[in-house]
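Engineer: I am attaching a structure below and will ask some questions about it afterwards.
The values are calculated or read from the model by the stated rules, or taken from the named source; none is laboratory data. As the structure is a prediction and not an experimental result, all values here were calculated from the model. Backbone-built Cβ (ideal geometry, glycine too); neighbour counts: all protein chains shown. Accessible surface is based on the protein model in full, side chains and every heavy atom, while ligands, DNA and RNA are left aside. Shrake-Rupley method; radii C 1.70, N 1.55, O 1.52, S 1.80 Å.
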Amino acid sequence: MAATRSRVAHLIKQLQRAACQCPTHCHTHYQAPGLSPPGKTTEYAFEMAVSNIRYGAGVTKEVGMDLQNMGAKNVCLMTDKNLSKLPPVQTVMDSLTKNSINFKVYDNVRVEPTDGSFMEAIEFAKKGAFDAYVAVGGGSTMDTCKAANLYASSPHSDFLDYVNAPIGKGKPVSVPLKPLIAVPTTSGTGSETTGVAIFDYEDLKVKTGIASRAIKPTLGLIDPLHTLHMPNRVVANSGFDVLCHALESYTALPYHMRTPCPSNPMIRPAYQGSNPISDIWAVHALRIVAKYLKRAVRNADDLEARSNMHLASAFAGIGFGNAGVHLCHQVSDASMMPNRPPWTDNTTTVSWSSDSPEPQPTKERERQAGSMNRPVNTHV
């Protein structure tokens, strides 16, 4: 097993040197040469960052009280045109109204956002001068809201300032952002837990994003009742997104093998490589997918299965949001059809059967799991 892992690590390093970097999901961060701490050439630490999470059937009704507790006076509610007509958004609006929260609705979020759609939302946010945000929808809505919050909080920044290098400048985010509450309505992206916002950069026809712990939602309200509105096909495809997030974060290059070592904790990237804590979340997500995905697809009324897949999405988000993803997402990005959700492409780039046995950690892995001094993922 150790020899296999060593060969895989060597292959990944070769690919990193030989291939162009994926600006969306690669584990390499960009830093001027010679800036690593003296004597440090590879990473020696990892950091966990995750949104606060509240889970429960009907928990969306609490959003108005949360905003009231935050002292919010002028809230931006972001969603897309389809969802704006469905119960999840109505539930949020009812809660805001009940708690006397003034809000404006932006329902022009694009499914699979682009730099252009991001900038439209950013302009809306700047004009609105909002003091809090609520994102109701899938990853596209949550990512758009993260970007709007960031650039409205940093109004003089150029759009490419915070976009991942080499497409953008990849500057660290140093400005304070407004509170953002994310209400996921799909079970796939895990965006309610992460500091990542993905979009298509149309000029170059590439997928890239913004990655910073600073943009992660303040709170994620995971309400399994919203999953009952998902069509079976969306449940299936988004479930494979959960699978890919968990598998890829679990098998990512270990954090201590990444180079260069950051010269300042501020520039330590969100995607750091596999680590003992991300491993725990990823493995648990895999077990849930193996047990519940088929049931969630086959029966729209199976609240237990759909509730667990909603949780698995968040678990995998915590894993990959700190470890990162790799080949499956990179291949799907390269082969992606315009305006098509990434989970439809991820489904075609992984071979898997939910009848397979659950992942069984080895005794060596369990022993290593008690230590924070070395990576513990031996599955490759």
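Engineer: Can you pull out every residue in segment 198-233 that is in a strand (DSSP E or B) and either without any contact (Cβ under 8 Å) to a residue 12 or more places away in the chain or open to solvent by 10 Å² or more (accessible area, probe 1.4 Å) (or both)?
Structural biologist: Within segment 198-233, Ile198, Asp200, Tyr201, Val206, Lys207, Ala211, Leu219 meet the criteria.
Engineer: Is segment 256-272 home to any residue that is buried (at least 24 other Cβ atoms within 10 Å of the Cβ), under 18 Å from the mean Cα position of the chain (by Cα), of a type in the set (Lys, Arg) and not in a strand (DSSP E or B)?
Structural biologist: Looking through segment 256-272, none of the residues is buried (at least 24 other Cβ atoms within 10 Å of the Cβ), under 18 Å from the mean Cα position of the chain (by Cα), of a type in the set (Lys, Arg) and not in a strand (DSSP E or B).
Engineer: Now for a separate question. Restricting the search to segment 273-290, which residues are within 22 Å of Met230 (Cα to Cα) and without any contact (Cβ under 8 Å) to a residue 60 or more places away in the chain?
Structural biologist: Selection gives Ala285, Ile288.
Engineer: If I go through segment 127-156 residue by residue, how many of them are part of a helix (DSSP H, G or I), under 19 Å from Ser174 (Cβ atoms) and not hydroxyl-bearing (Ser, Thr, Tyr)?
Structural biologist: Residues flagged as part of a helix (DSSP H, G or I), under 19 Å from Ser174 (Cβ atoms) and not hydroxyl-bearing (Ser, Thr, Tyr) within segment 127-156 amount to 6.
Engineer: Right, next: Arg213 - would you say it is of a type in the set (Lys, Arg) and under 16 Å from Met48 (Cα atoms)? Write out each step before concluding.
Structural biologist: On the way: of a type in the set (Lys, Arg): yes; under 16 Å from Met48 (Cα atoms): yes.
Spelling it out, Arg213 is indeed of a type in the set (Lys, Arg) and under 16 Å from Met48 (Cα atoms).
Engineer: Could we say that Asp80 is more than 25 Å from the chain's Cα centre (by Cα), under 22 Å from His229 (Cβ atoms) and surrounded by 14 or more Cβ atoms within 10 Å (Cβ to Cβ) here?
Structural biologist: Working: more than 25 Å from the chain's Cα centre (by Cα): no; under 22 Å from His229 (Cβ atoms): yes; surrounded by 14 or more Cβ atoms within 10 Å (Cβ to Cβ): yes.
No.
Engineer: From the list Ala182, Ala236, which residue is among the small types (Gly, Ala, Ser), farther than 20 Å from Phe159 by Cβ, in a helix (DSSP H, G or I) and open to solvent by less than 40 Å² (accessible area, probe 1.4 Å)?
Structural biologist: So the residue among Ala182, Ala236 that is among the small types (Gly, Ala, Ser), farther than 20 Å from Phe159 by Cβ, in a helix (DSSP H, G or I) and open to solvent by less than 40 Å² (accessible area, probe 1.4 Å) is Ala236.
Engineer: Does Asp241 satisfy the condition of being open to solvent by less than 10 Å² (accessible area, probe 1.4 Å), modelled with pLDDT of 95 or more and in a helix (DSSP H, G or I)? Give the steps one after another, and end with the answer.
Structural biologist: Working: open to solvent by less than 10 Å² (accessible area, probe 1.4 Å): yes; modelled with pLDDT of 95 or more: no; in a helix (DSSP H, G or I): yes.
Answer is no for this residue.
Engineer: I'd like the full set of residues that are assigned to a helix (DSSP H, G or I) and in contact with a Pro (Cβ under 7 Å, 6 or more places away or on another chain), limited to segment 45-75.
Structural biologist: Answer for segment 45-75, where residues must be assigned to a helix (DSSP H, G or I) and in contact with a Pro (Cβ under 7 Å, 6 or more places away or on another chain): Thr60, Met70.
Engineer: How about segment 188-197: which of its residues are over 20 Å from Ile167 (Cβ atoms), open to solvent by less than 10 Å² (accessible area, probe 1.4 Å) and of a type in the set (Val, Ile, Thr)?
Structural biologist: Selection gives Thr193 alone.
Engineer: Between a residue in segment 83-100 that is under 15 Å from Val183 (Cα atoms) and free of Cβ contacts under 8 Å to residues at least 24 places away in the same chain and any residue that is of a type in the set (Phe, Trp, Tyr) and open to solvent by less than 70 Å² (accessible area, probe 1.4 Å), which pairs come within a Cβ distance under 8 Å, given they are 6 or more apart or on different chains?
Structural biologist: Hits for this filter: Met93/Phe103.
Engineer: I need the full set of residues from segment 273-282 which are within 18 Å of the chain's Cα centre (by Cα) and either surrounded by fewer than 24 Cβ atoms within 10 Å (Cβ to Cβ) or among the hydroxyl-bearing types (Ser, Thr, Tyr) (or both), in order please. Before the answer, list the steps.
Structural biologist: Start the filter on segment 273-282 by keeping residues that are within 18 Å of the chain's Cα centre (by Cα), which leaves 273-275, 277-282.
Residues satisfying the conditions are Gly273, Ser274, Ile277, Ser278, Ile280.
Engineer: Could you list all residues from segment 119-138 that are of a type outside the set (Val, Ile, Thr) and either open to solvent by less than 10 Å² (accessible area, probe 1.4 Å) or within 17 Å of Pro176 (Cβ to Cβ) (or both)?
Structural biologist: Keep residues of segment 119-138 that are of a type outside the set (Val, Ile, Thr), which gives 119-121, 123-133, 135, 137-138.
Within segment 119-138, Ala121, Ala125, Lys126, Ala129, Phe130, Asp131, Ala132, Tyr133, Ala135, Gly137 qualify.
Engineer: Would you confirm, using the coordinates I've provided, whether Glu248 is in contact with a Phe, Trp or Tyr (Cβ under 7 Å, 6 or more places away or on another chain), touching a residue at least 24 places away in the same chain (Cβ under 8 Å) and among the charged types (D, E, K, R)? Full working, then the answer.
Structural biologist: Details: in contact with a Phe, Trp or Tyr (Cβ under 7 Å, 6 or more places away or on another chain): yes; touching a residue at least 24 places away in the same chain (Cβ under 8 Å): yes; among the charged types (D, E, K, R): yes.
Taking the combined requirement at face value, the residue satisfies it.
Engineer: When the residues of segment 151-175 are filtered to those that are of a type in the set (A, V, I, L, M), under 16 Å from Tyr201 (Cβ atoms) and under 19 Å from the mean Cα position of the chain (by Cα), which remaining residue is surrounded by the most Cβ atoms within 10 Å (Cβ to Cβ)?
Structural biologist: Checking each candidate, the answer is Val163.
Engineer: Then there is this: Among the residues that make up segment 222-237, is at least one of them modelled with pLDDT of 95 or more, within 14 Å of the chain's Cα centre (by Cα), on the phi < 0 side of the Ramachandran plot and not β-branched (Val, Ile, Thr)?
Structural biologist: no
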